[in-house]
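A.B. asks: Here it is, the structure in full.
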Protein chains: 2
Amino acid sequence: MRIPNHIGIIPDGNRRWAKKAGMSKEKGYDYGLKPGLELFKLCREFGIKEITYYGFTTDNTKRPAVQIEAFKKACVDAVKMLSREDAELLVIGNHESPIFPEELKPYTIRRRKFGNGGIKVNFLVNYGWHWDLNNLLKSENNDRVSKKNLMNLLCSCDISRIDLIIRWGGRRRLSGFLPVQSVYSDFYVVDDLWPDFKPNHFYDALKWYSKQDITLGG
Amino acid sequence: MRIPNHIGIIPDGNRRWAKKAGMSKEKGYDYGLKPGLELFKLCREFGIKEITYYGFTTDNTKRPAVQIEAFKKACVDAVKMLSREDAELLVIGNHESPIFPEELKPYTIRRRKFGNGGIKVNFLVNYGWHWDLNNLLKSENNDRVSKKNLMNLLCSCDISRIDLIIRWGGRRRLSGFLPVQSVYSDFYVVDDLWPDFKPNHFYDALKWYSKQDITLGG
């Protein structure tokens, strides 16, 4: 089976899951932590080299304060949880904004090895596609057009091209997820909500991906 | 029914269709013309305000010469065909390259009204996501970061945000299609190949779209 090098994860549906379970919406995020760790372990087992989690976005910060606090906390907990694994962990997002969790700043400065290192794990926190691409407008990047190294000039330049994006929660859209790294990505949607994660979702996505004809637009 | 303002069309599968029909691959493109006109008329009828066709890309120009000639010709024919309709037609792509069809240059300079005008039709010809975004690196765009008008600085700045992308031919990926305008797009995939277009594909896509919860990432 052909295995993707880099998988993007859009763990959507936490609020809908909470509502269905009779809880208030913001309670759903905590139930996304266990699936996140389970998926990480499956990726490691299958020899995936890089994995990028969509934590929260600058767009998400327009939500009610109680939800913002809840998804910020879930992201902090998730990063701390992953830092106890063997991984090269990096948090990427606008960390100059006051909404960026203080506890995650040590993870943004450069890629850090945890445990024995190995699989690269990127976690998007207060990420915005606009913020990411705006870096191309900065004056120090002028006249680099000829170098064709556009990807290296993004704020998210440490994140490589994504082969497979898996989105939970049934929605068929990228919602601003890394527009440049996603230009050629195959996009697999799981109808179940993220807190209802099952290993079969991952196996099915890999099986589907291995049958795709990879052309990189050619 | 909630109708999208702007639909992106990825008319994929011409070569696979030709192969299935026992023809050589490049013969398939011609069979994509009639569906293109049919779809245009349906969009107009439903009150869609803007439609963008994915003609060919800079990535596609790595293919065998006989295929390149065939898809170039199909794009020229399609644009000429659409110019006989009531529409505001614009061809967007790298027209400084020798691969850009000479006959289409008059359509690139600015939006032109054909017939009585009306629906905006964008046709991507020799388009590349890299070419599009590279415009952000140009020196005259320096230090505009604060203005937050990123979309206006793209080569494709005349194309607005896309609500719904419909891709024929079963593949679930964007293949470099307008990465910025597509950040929030809902993505509908038709398994049939483009030359097998049926109005029902369009109706089903609209029906599906009208049930989506539009959040623009919020």
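The values are calculated or read from the model by the stated rules, or taken from the named source; none is laboratory data. As the structure is a prediction and not an experimental result, all values here were calculated from the model. Don't worry about glycine lacking a Cβ; one is built from the backbone with ideal geometry, like all the others, and counts go over all protein chains shown.
A.B. asks: Condition first: of a type in the set (D, E, K, R), within 14 Å of chain B (Cβ to nearest Cβ) and not in a loop (DSSP other than H, G, I, E, B). Now tell me which residues in the range A:185-206 satisfy that.
C.D. replies: From the range A:185-206, those of a type in the set (D, E, K, R) are A:186, A:191-192, A:196, A:198, A:204; that's our starting set.
Next cut, within 14 Å of chain B (Cβ to nearest Cβ) only: A:186, A:191, A:204.
If the condition is that a residue be of a type in the set (D, E, K, R), within 14 Å of chain B (Cβ to nearest Cβ) and not in a loop (DSSP other than H, G, I, E, B), then A:Asp186, A:Asp204 are the ones that fit.
A.B. asks: Looking at A:Gly118, A:Gly169, which is the one that is modelled with pLDDT under 95 and small (Gly, Ala, Ser)?
C.D. replies: On the way: A:Gly169 fails: modelled with pLDDT under 95.
Testing whether each residue is modelled with pLDDT under 95 and small (Gly, Ala, Ser) leaves just A:Gly118.
A.B. asks: So, one more: Identify the residue in the range A:164-213 that is of a type in the set (Val, Ile, Thr) and in contact (Cβ under 8 Å) with a residue 40 or more places away in the chain and, among all such residues, is farthest from B:Asp186 (Cα to Cα). Break it down stepwise before answering.
C.D. replies: Filtering the range A:164-213 for residues of a type in the set (Val, Ile, Thr) gives A:165-166, A:180, A:183, A:189-190.
Retained after the next criterion (residues that are in contact (Cβ under 8 Å) with a residue 40 or more places away in the chain): A:165-166, A:180.
On the way: A:Ile165: 15, A:Ile166: 15, A:Val180: 17 Å.
Only one residue tops the list, namely A:Val180.
A.B. asks: Then there is this: What number of residues in the range A:20-37 are loosely packed, with under 14 Cβ neighbours inside 10 Å and among the charged types (D, E, K, R)?
C.D. replies: 2
A.B. asks: Also: Within the range B:1-105, considering only helices (runs of 4 or more DSSP H) that don't extend past its boundaries, which have at least 3 residues that are touching a residue at least 60 places away in the same chain (Cβ under 8 Å) and under 15 Å from the mean Cα position of the chain (by Cα)?
C.D. replies: Details: elements: B:14-20, B:33-45, B:65-82.
Output list reads B:33-45.
A.B. asks: Additional query: Yes or no: B:Asn149 closer than 30 Å to B:Ala21 by Cα, among the polar types (S, T, N, Q), more than 7 Å from chain A (Cβ to nearest Cβ) and surrounded by fewer than 16 Cβ atoms within 10 Å (Cβ to Cβ)?
C.D. replies: On the way: closer than 30 Å to B:Ala21 by Cα: no; among the polar types (S, T, N, Q): yes; more than 7 Å from chain A (Cβ to nearest Cβ): yes; surrounded by fewer than 16 Cβ atoms within 10 Å (Cβ to Cβ): yes.
Considered against the rule, which asks whether it is closer than 30 Å to B:Ala21 by Cα, among the polar types (S, T, N, Q), more than 7 Å from chain A (Cβ to nearest Cβ) and surrounded by fewer than 16 Cβ atoms within 10 Å (Cβ to Cβ), B:Asn149 comes out as no.
A.B. asks: Do you know which residues across the range A:154-179 are at the interface with another protein chain (Cβ under 7 Å from one of its Cβ atoms) and in contact with a helix residue (DSSP H, G or I) (Cβ under 6 Å, 6 or more places away or on another chain)?
C.D. replies: Passing the criteria: A:Gly176, A:Pro179.
A.B. asks: Additional query: Assuming A:Ala65 fulfils every condition listed in (1) over 22 Å from A:Leu193 (Cβ atoms); (2) small (Gly, Ala, Ser); (3) buried (at least 22 other Cβ atoms within 10 Å of the Cβ) apart from one, which condition is it?
C.D. replies: The single condition A:Ala65 does not satisfy is (3).
A.B. asks: Take the residues of the range A:207-218 that are assigned to a loop (DSSP other than H, G, I, E, B) and at pLDDT 95 or above: which is farthest from B:Asp12 (Cα to Cα)? First the steps, then the outcome.
C.D. replies: Looking only at the range A:207-218, we keep the residues that are assigned to a loop (DSSP other than H, G, I, E, B), and these are A:211-218.
From the residues that got through so far, the ones that are at pLDDT 95 or above too are A:211-212.
Working: A:Lys211: 17, A:Gln212: 14 Å.
That would be A:Lys211.
A.B. asks: Give the residues of the range A:114-131 that are farther than 14 Å from A:Phe40 by Cα, in contact with a Ser or Thr (Cβ under 7 Å, 6 or more places away or on another chain) and among the polar types (S, T, N, Q), sorted by residue number.
C.D. replies: Hit for the range A:114-131 is A:Asn126, nothing else.
A.B. asks: Give the residue, chosen from A:Ile119, A:Ile109, A:Ile51, that is touching a helix residue (DSSP H, G or I) at 6+ places or on another chain (Cβ under 8 Å) and within 30 Å of B:Met151 (Cα to Cα).
C.D. replies: On the way: A:Ile119 fails: within 30 Å of B:Met151 (Cα to Cα); A:Ile109 fails: touching a helix residue (DSSP H, G or I) at 6+ places or on another chain (Cβ under 8 Å).
Selected residue: A:Ile51, the only one of A:Ile119, A:Ile109, A:Ile51 that is touching a helix residue (DSSP H, G or I) at 6+ places or on another chain (Cβ under 8 Å) and within 30 Å of B:Met151 (Cα to Cα).
A.B. asks: Within the range A:91-120, take every residue that is in contact with a Phe, Trp or Tyr (Cβ under 7 Å, 6 or more places away or on another chain) and of a type outside the set (S, T, N, Q) and give me the one that is nearest to the other protein chains (Cβ to nearest Cβ).
C.D. replies: A:Gly93
A.B. asks: Output the residues belonging to the range A:170-185 that are under 15 Å from the mean Cα position of the chain (by Cα) and over 21 Å from A:Asn152 (Cβ atoms).
C.D. replies: If the condition is that a residue be under 15 Å from the mean Cα position of the chain (by Cα) and over 21 Å from A:Asn152 (Cβ atoms), then A:Arg173, A:Leu174, A:Ser175 are the ones that fit.
A.B. asks: Also, quick follow-up: Kindly evaluate B:Ile109 against the criterion of being modelled with pLDDT under 95 and of a type outside the set (Lys, Arg). Steps first, please.
C.D. replies: Working: modelled with pLDDT under 95: yes; of a type outside the set (Lys, Arg): yes.
Taking the combined requirement at face value, the residue satisfies it.
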